[in-house]
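Have a look at the structure below, then the notes.
Each reported figure results from applying straightforward, stated rules to the coordinates on display, with no laboratory input. Note that the structure is a prediction, hence the values are computed from the model and not measured. When we count neighbours, we look across all protein chains shown, and the Cβ atoms used for this are built from the backbone with ideal geometry, even at glycine.
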Amino acid sequence: MRFTKDHEWVELEGDVATIGVTAHAAEQLGDVVFVETPEVGKTVKAGDAFAVVESVKAASDVYAPLSGEVVEANAVLGDAPETVNADPERGGWFAKLKVANPAEYEALMDRAAYEAFLQTQ
């Protein structure tokens, strides 16, 4: 699993990346009340806003940590957005991308680097 400075996580299996927000982000958001996942077939570039998460505190964009094509969106989040709070780094995933450039994954932080980054926040 890799992480971004925008508090997204990525897990790569073959050429498909599963993307969500970190436990830290879910905690900072508070109670999630709505999630807008990207449409299947949408092409994104790393850094593009590709999903929206709304909580009782605020609405926030979720940024694509990698470039690729959306191949699956987590339909569970439409009916149960609180899954993002309950299981942010597993069941609360937002989308799966067919990765265009696997080298982008290697450039992301591992968990130890992400934990160190959080200490600077």
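Scanning the range 1-11 for residues being surrounded by 19 or more Cβ atoms within 10 Å (Cβ to Cβ) and of a type in the set (A, V, I, L, M) gives a total of 1. Within the range 16-33, if we keep just the residues that are surrounded by fewer than 22 Cβ atoms within 10 Å (Cβ to Cβ) and closer than 14 Å to Ala73 by Cβ, the residue that is nearest to the chain's Cα centre (by Cα) turns out to be Thr18. Scanning the range 46-71 for residues that are touching a residue at least 40 places away in the same chain (Cβ under 8 Å) and hydroxyl-bearing (Ser, Thr, Tyr) gives a single hit, Tyr63.
Taking the range 103-121 on its own, how many of its residues are surrounded by 12 or more Cβ atoms within 10 Å (Cβ to Cβ) and free of Cβ contacts under 8 Å to residues at least 40 places away in the same chain? Qualifying residue count for the region: 2. Screening Thr83, Thr22, Thr43 for residues that are in contact (Cβ under 8 Å) with a residue 60 or more places away in the chain and among the polar types (S, T, N, Q) leaves exactly one candidate, Thr22.
Tallying residues that are surrounded by 15 or more Cβ atoms within 10 Å (Cβ to Cβ) and either out of contact with any strand residue (DSSP E or B) (no Cβ under 7 Å at 6 or more places or on another chain) or among the hydrophobic types (A, V, I, L, M, F, W, C) (or both) within the range 34-70 yields 11. In the range 71-98, of all residues being of a type outside the set (A, V, I, L, M), surrounded by 21 or more Cβ atoms within 10 Å (Cβ to Cβ) and in contact with a Phe, Trp or Tyr (Cβ under 9 Å, 6 or more places away or on another chain), the one that is farthest from Val40 (Cα to Cα) corresponds to Pro88.
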